[in-house]
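One structure below.
The values are calculated or read from the model by the stated rules, or taken from the named source; none is laboratory data. As the structure is a prediction and not an experimental result, all values here were calculated from the model. Here the Cβ positions follow ideal geometry from the backbone for every residue, glycine too, while neighbour counts run over all protein chains shown.
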Amino acid sequence: MREVPEVPAHEPATAPAREALRRRLGELEDLVGSDPARAASEARLLRERARALGDDDALARARVWEAEAVQRDGDTAAAAALVAQVRRQRPDLPRELAVQCSWILSRVFTDIGDRPTALEHALDAAAASDDDDVPRRLRTRVLLKVADLLDELGAPEDSRSWYRRAEELAVGDAQLHLMVVNNRAFSELELGDAEAAQREVDLLEELSRRYDRPLNANALDTVSRVHLLRGDARAAEAAARAAVETNAQMDSKNADDLPFYLLTLAAALRTLGDPAGASAALEEARACTGSEGFADIRTQVLAEQAEVFAALGDYRSAFEAHKAFHAADKELLSEQREAQARARQAVFETDVARREAARYREEARRDPLTGLRNRLFVDERLPLLVDEFRAGDRHLSAVLLDLDHFKSVNDGYSHEVGDAVLRAVAAVLEEAAGHAAQSFAARLGGEEFLVALVTDDAQQAVRLAEGVRARVRAHDWSATTPGRGVTVSAGVATLRPGDDKTSLLARADERLYAAKAAGRDRVVAGPGPG
């Protein structure tokens, strides 16, 4: 069998309390694989604990673990809804959690039979996980998921390439290394290549010895199916029984694992001429699935049941089981389509919310009149540039500009004309700043503007300010302010060692004041560097 890998009132948020919460969240990874139902319950408790402590990162992490746990336990709709909730509430998720969310959605869509959409989410996760911020185990699982889906979608050569990449990352991690090789063996099994599947089984057994780690139930089920493909039903029965017996010790469980192993055992027993034993195994598998959910495995059980009845010579029952199989197959298709619609809607709503959040974030950092960046953006972005360029070969300069006698424009022509003047000056600034990477122009308020400029030569900032001043003065203002021109004054400061955002802007502001005091329509850069 192909293995699916795992991944109150506010109280004082003391460091020990937060550390204990994070530690318990870290322990959830193993529990999600070994006991998904218990992990989901634990994640809910930790979610409430995180909310009580006001720890938003821990709250998001608890929800993500809960989503994986309920998905493993068979509730795909709840898993999709939890991921949607996390993405909606935290559009700025840490990289690791963002990757895990995409990976869980890939599993959700696999469960509901929509493998193309599952592959899209898996590739999204892969594209975002090529980074040291994402743990190696999660990156391996993502690569493995892409490989599995490519195989299931009929691209075996591509899938083998992804399996190789996953195995390279997995070396040294016994659980993951065995998992990758097991899934690759199952891939060759599904292709009907008995020799290639056997080679992978031989490697599985070699790795089991090398890591001193017994094969788990998933791997034993794969071994059993490879034996069936090669015609050794006796060995297949032994491996299938071992899979059923060791299921409780699995380090990574999914709710449909045991019935799947029982289905393999039934096929082996039927092949050995023991239809009664096969029928008993199928009955146990049916009891494991119950009447709700697990539509895929229940459909496979009915198909095998028809074969078993035929082997028993009970052709009427075989015919009835065959009809039930076809009815269940249609129901499965209907359930899958309905589940796909629910999951797509949850994902769609999340994507819309994320796009809306990004749009609102962008709008909140733009001046609505001129389209330039605003003071909020400056307060967020400029300190980062200061930190980046405090030391290095490139220079960060602040150019503060102010329109001369702008109040008289508003008073003499109207505020609408004043707005037109501001937009025209903003266009000049936007164009000037746009020629230098990482630079930006912003309106700080009223008639005051800033250009943050990153250059190789500090004098470029002075030349830019002089160029802007000259262009504003030379602009044809006759249609906007008939009989009157518009000019600007500017102060320029370049980052010095020990500067922060405040000191840099203060120095530029002093020079802007000096330019105005000296008669306006001029640029003051100050003596010496900076």
*Restricting the first residue to segment 365-384 and requiring it to be in a helix (DSSP H, G or I), which pairs with a second residue that is at pLDDT 90 or above and among the small types (Gly, Ala, Ser) meet a Cβ separation below 8 Å and a spacing of at least six or different chains?*
Arg375/Ala442; Phe377/Ala442; Val378/Ala442; Val378/Ala452; Arg381/Ala452; Leu382/Ala398; Leu382/Ala452
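Residue-by-condition table, conditions (1) within 13 Å of the chain's Cα centre (by Cα); (2) within 30 Å of Gly154 (Cα to Cα):
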position: Arg63; (1), (2): no, no
position: Gln71; (1), (2): no, yes
position: Leu105; (1), (2): yes, yes
position: Ala122; (1), (2): yes, yes
*Restricting attention to helices (runs of 4 or more DSSP H) lying wholly within segment 149-232, give those where 1 or more residues are under 25 Å from Ile112 (Cα atoms).*
156-170, 174-190, 217-229
*Tell me, yes or no, whether segment 402-409 has at least one residue that is modelled with pLDDT under 60, more than 30 Å from Leu82 (Cα to Cα), over 33 Å from the mean Cα position of the chain (by Cα) and of a type in the set (Phe, Trp, Tyr).*
no
*asked:* Can you find, within segment 63-94, the residue that is nearest to Gly33 (Cα to Cα) among those that are among the acidic types (Asp, Glu) and surrounded by fewer than 24 Cβ atoms within 10 Å (Cβ to Cβ)?
replied: Asp73
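This table checks each residue for (1) surrounded by 15 or more Cβ atoms within 10 Å (Cβ to Cβ); (2) in contact with a strand residue (DSSP E or B) (Cβ under 9 Å, 6 or more places away or on another chain); (3) aliphatic (A, V, I, L, M).
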| position | (1), (2), (3) |
| --- | --- |
| Val421 | yes, yes, yes |
| Ala442 | yes, yes, yes |
| Ala452 | yes, yes, yes |
| Arg469 | yes, yes, no |
| Ala474 | no, no, yes |
| Asp499 | yes, yes, no |
| Asp509 | yes, yes, no |
| Ala515 | yes, yes, yes |
_Answer from Leu119, Leu143 - the residue that is in a helix (DSSP H, G or I), at pLDDT 90 or above, on the phi < 0 side of the Ramachandran plot and in contact with a Leu (Cβ under 8 Å, 6 or more places away or on another chain)_ = Leu143
*Please determine, by comparing only the residues of segment 226-248 that are surrounded by fewer than 18 Cβ atoms within 10 Å (Cβ to Cβ) and among the basic types (Lys, Arg), which one is farthest from Val181 (Cα to Cα).*
Arg234
*Among the candidates Glu284, Glu245, single out the residue that is farther than 20 Å from Leu228 by Cα, of a type outside the set (Ser, Thr, Tyr), part of a helix (DSSP H, G or I) and at pLDDT 80 or above.*
Glu284
*asked:* It is to be established whether one or more residues within segment 258-271 are surrounded by fewer than 19 Cβ atoms within 10 Å (Cβ to Cβ), among the small types (Gly, Ala, Ser) and either assigned to a loop (DSSP other than H, G, I, E, B) or modelled with pLDDT under 90 (or both).
replied: no
*asked:* Give all pairs with beta carbons closer than 7 Å in which a residue from segment 170-196 that is over 16 Å from Leu215 (Cβ atoms) meets a residue that is among the hydrophobic types (A, V, I, L, M, F, W, C) and buried (at least 19 other Cβ atoms within 10 Å of the Cβ); count only pairs at least 6 apart in sequence or on separate chains.
replied: Glu188/Ala197
*For Phe389, work out the one condition from (1) surrounded by 15 or more Cβ atoms within 10 Å (Cβ to Cβ); (2) under 25 Å from Ala515 (Cα atoms) it doesn't fulfil.*
(2)
*Single condition Asn374 does not satisfy, out of (1) at positive phi; (2) modelled with pLDDT of 70 or more*: (1)
*Taking into account only those residues within segment 25-46 that are at pLDDT 90 or above and of a type in the set (D, E, K, R), which is farthest from Met179 (Cα to Cα)?*
Arg44
*Test result for Ala98, small (Gly, Ala, Ser), closer than 19 Å to Val70 by Cα and surrounded by fewer than 24 Cβ atoms within 10 Å (Cβ to Cβ)*: yes
